[in-house]
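Let me begin by presenting the structure, written as structure tokens, before commenting on it.
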Amino acid sequence: MRRALVILVGILVVALPSSAAADRTVAPPGFSSLSQYTEVVPTASGVAPTAAPTAAASGTQSSPAVALAKVVAATAPQKVATTDRTLRGGPGATALGSVAVGLAGGGGGMGLALPVILVACLLVALALLARRRRARS
Amino acid sequence: MLATLCLLAGAGAAGPALASGLPSLQLGFGDGLYTASDSAVRATWLERSAALGARVVRMYAGWPAATRPADPADPADPAYAFTSLDAAIRDAAAHHLAPLLVFSGAPSWAEGPSRPASATPGTWLPDPAAVGAYGRALATRYDGHFPDPLHPGLALPRVKLFQLWNEPNLSAYLTPQWQRRAGRWIPVAADQYRLMLNAFYAGVNATVAGDTVVAAGTAPYGDFGHGQRMMPVVFWKNLLASPVSFDVMAHQPYSIGSPPTKALDAGDVAVADLGKLTSVLRAAERRGTALPRGEHHQLWITETGYDTRPPNPGGVPVATDARWLEQSLFLFWAQGVDLVTWYLIRDQPPGGPPDSSSQTGVYYYAGNPKPAATAYRFPLVGHRVAGGKVRAWLRAPQAGTLVLQARSSGRWATVRRTVVSAAQILDLPVPGRPQELRATVAGISSLVWTL
């Protein structure tokens, strides 16, 4: 059990600094990162956007937004790779690219890798615990 | 609001577009040039604005009362210094442009007590009563009947559009944004702004009917928790949580990337995210907190733009800027926007510290046009719909016979010829699989749109 906990803590020590580091800031082209027109992006996926009590900004899309999504998809430039350049506002950035980058955790953190590692770590710890109990019995 | 539509229709824009069956899109610019002290500068840029198809000019009125007026609702009170604004409004009217007066920042006598050193002067708890009185003074001075001090026997021009504050979700303009109460950080800026807006609406409408009050002009991005900025969705939800009177919801999106690039945070609102705001607004209308009850509040974009390279090394190339301007206008229109006032007709002087100068104009600082000037005057966007079919969206710069051409396999061919009205919006099917589109009307050519 102790070994499993040591492994778990070790992985957390390695993983957390990259995901819990300061939020990343992206700026419109030509704007300084000091600008008031920058967007602060959480570096790990699934982070709640705000702590304000009335800030439960719904992630659901209204029907106008759904209609817009079709327009956006139709007008977005083609053949664009989802790169860091795209996120930073380079020519050819697309809504699809934004979504992909968002799902990947903004490109700067570990994104989906972090929960996968944590789940794997938990499973390993549980397996070790079960094995140890079986050995004792 | 009806007055607004009539005003713009009178300027020769709204009527024909509505007649086409598609919603209209009015255009304007926001720029400090319109209130420049040099009348020749004002005249030059008002003339160029009108020539590009603008019908509205967003002008920075300020709050020109260094000391508290004896009667702050009286525009003739000697504490007010309206001479410069009078001149700018006379010039705008002479160019048949509708001024949208905006002011942001309170004189010290109209701020709340005990402004902390961290708060920018003019931002701290502006007194709602003083805001309301100033709104009444502005609306009265420019009601079309107020005697012109410089021209006895004549009246100052009528102004119908008034915007309260700039980006009130930023501490750069309104403080505090958050306050700690009972161990929790509470968003308070929207509550303060609601008090100001209700007072301003009452003041503007106190003496003359038919004026339009524009709310906010929210900035696109906020901070998590209790930072210096409030996300616009958070701001609007808080603002509309209790009854508040206004005619127009205004927002000011600056995209991180190309126009279709959505904000990554749910509470932020870039060019392609306006549904986040309209859903909040329409819900408030149904709930009865967006007043006047029964009014369909319009959505305006009172600032947007892209810094260009040159002159900003970090900006987008000017050809890309032109394409993004067209795409922005199309996306705004598709999301139900009624008016866009582009931020800057001319670049500001380059140099200085970061962000002290904006290069979002459709003209360079030297006065020569960027490709964006053509894009603004005659926007044309090719877009794909279901089945991969192509449509051409455009806004006609003039009345005349529109000729739409498509290039396929290296050859240009006319695909549509139709009579249009000035400012008419069209969304036309394009046969085949074109690679490029272009259009002309009345001798004016659009840029080439590459699909």
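No value in this document is a laboratory result; all are computed from the given coordinates. In this text, all values refer to a predicted model and were calculated from it rather than measured experimentally. With ideal geometry, Cβ positions are generated from the backbone for all residues, glycine too; neighbour counts draw on all protein chains shown.
Odds and ends about this structure:
- Amide proton proximity set for B:Thr175, modelled H, under 5 Å, gap of 5+: B:Trp124, B:Leu125
- Rounded to whole numbers, the Karplus 3J(HN,Hα) couplings from phi for region B:262-278 are 7, 4, 7, 8, 4, x, 9, 9, 9, 4, 8, 10, 5, x, 4, 7, 5 Hz, using 6.51 cos²θ - 1.76 cosθ + 1.60 with θ = phi - 60°, and x at Gly and Pro.
- Potential lengthening between B:Arg180 and B:Ala366 on full extension [0.36 nm per residue; Cα-Cα distance subtracted]: 62.1 nm
- Length-normalised contact order of chain B in % [C-alpha pairs under 8 Å, at least 6 apart]: 13
- Peptide-level mean, for B:330-340, of C-beta atoms on other protein chains within 10 Å: 2
- Proximity of backbone amide H atoms, modeled 1.01 Å from N, is registered between B:Ala216 and B:Leu164 at under 5 Å, excluding neighbours fewer than 5 places apart on the same chain.
- Within 10 Å of each Cβ in B:296-309, the average number of Cβ atoms from other chains: 1
- Seen from B:Asp77, the other residues with C-beta closer than 11 Å to its C-beta sum to a net charge of 0, counting Lys and Arg as +1 and Asp and Glu as -1.
- Charge dipole (chain B, unit charges on Cβ, about Cα centre) - positive-most of B:Thr207, B:His296, B:Ser171: B:His296
- Listed values for region A:124-136 are Karplus-derived 3J(HN,Hα) couplings in whole Hz (6.51 cos²θ - 1.76 cosθ + 1.60, θ = phi - 60°), namely 4, 4, 5, 5, 5, 5, 4, 5, 5, 5, 5, 5, 5, and x replaces Gly and Pro.
- √(5λ) per eigenvalue of the Cα gyration tensor, chain B, largest first, Å: 37, 26, 21
- Between amide H atoms placed 1.01 Å from N, distances below 5 Å from B:Gln298 occur with B:Met249, all of them 5 or more places distant or on a separate chain.
- Aspartates and glutamates whose Cα lies under 14 Å from that of B:Lys370, excluding same-chain neighbours fewer than 8 positions away: B:Asp307, B:Asp321, B:Glu326, B:Asp347
- B:Tyr142 sits among other residues whose Cβ lies under 12 Å from its own Cβ, and their net charge, with Lys and Arg +1 and Asp and Glu -1, is +1.
- Its Cα centre serving as origin, region B:46-170 has a Cβ charge dipole (Lys and Arg +1, Asp and Glu -1) of approximately 300 debye.
- Placing +1 on the Cβ of every Lys and Arg and -1 on the Cβ of every Asp and Glu, with nothing else charged, gives region B:262-304 a dipole about its Cα centre of roughly 280 debye.
- Label-point separation, B:Ser37 to B:Gln228 (7 Å along Cα→Cβ), nm: 2.9
- Mean ellipticity per residue at 222 nm, deg cm²/dmol - from DSSP H runs of n ≥ 4 across chain B, formula -39500 (n - 2.57): -8000 deg cm²/dmol
- Environment charge at B:His297 (Cβ cut-off 14 Å; Lys +1, Arg +1, Asp -1, Glu -1): 0
- Across peptide B:221-227, the average count of Cβ atoms from other chains found within 10 Å of a residue's Cβ is 6.
- Look at the alpha carbon pairs under 8 Å that are at least 6 residues apart: their mean separation over the length of region B:9-157 gives a relative contact order of 20 percent.
- Signed unit charges on C-beta, dipole axis of region B:26-86, positive-most listed residue B:Pro75, B:Ala61, B:Ala50: B:Ala50
- Basic side chains Lys and Arg get +1 at the Cβ, acidic Asp and Glu get -1 at the Cβ, and with that the dipole of chain B about its Cα centre reaches some 1560 debye.
- Computed from phi, the 3J(HN,Hα) profile of region B:195-211 under the Karplus parametrisation 6.51, -1.76, 1.60 (θ = phi - 60°) reads 4, 5, 5, 4, 5, 5, 4, 5, x, 5, 8, 5, 10, 9, 8, x, 7 Hz, with x in place of Gly and Pro.
- Put simply, the C-alpha atoms of region B:41-126 give a gyration tensor, and the ellipsoid matching it has half-axes of 31, 16, 9 Å, longest first.
- Given charges at Cβ of Lys, Arg, Asp, Glu: region B:103-191 dipole, positive-most of B:Gly144, B:Pro116, B:Ala130: B:Pro116
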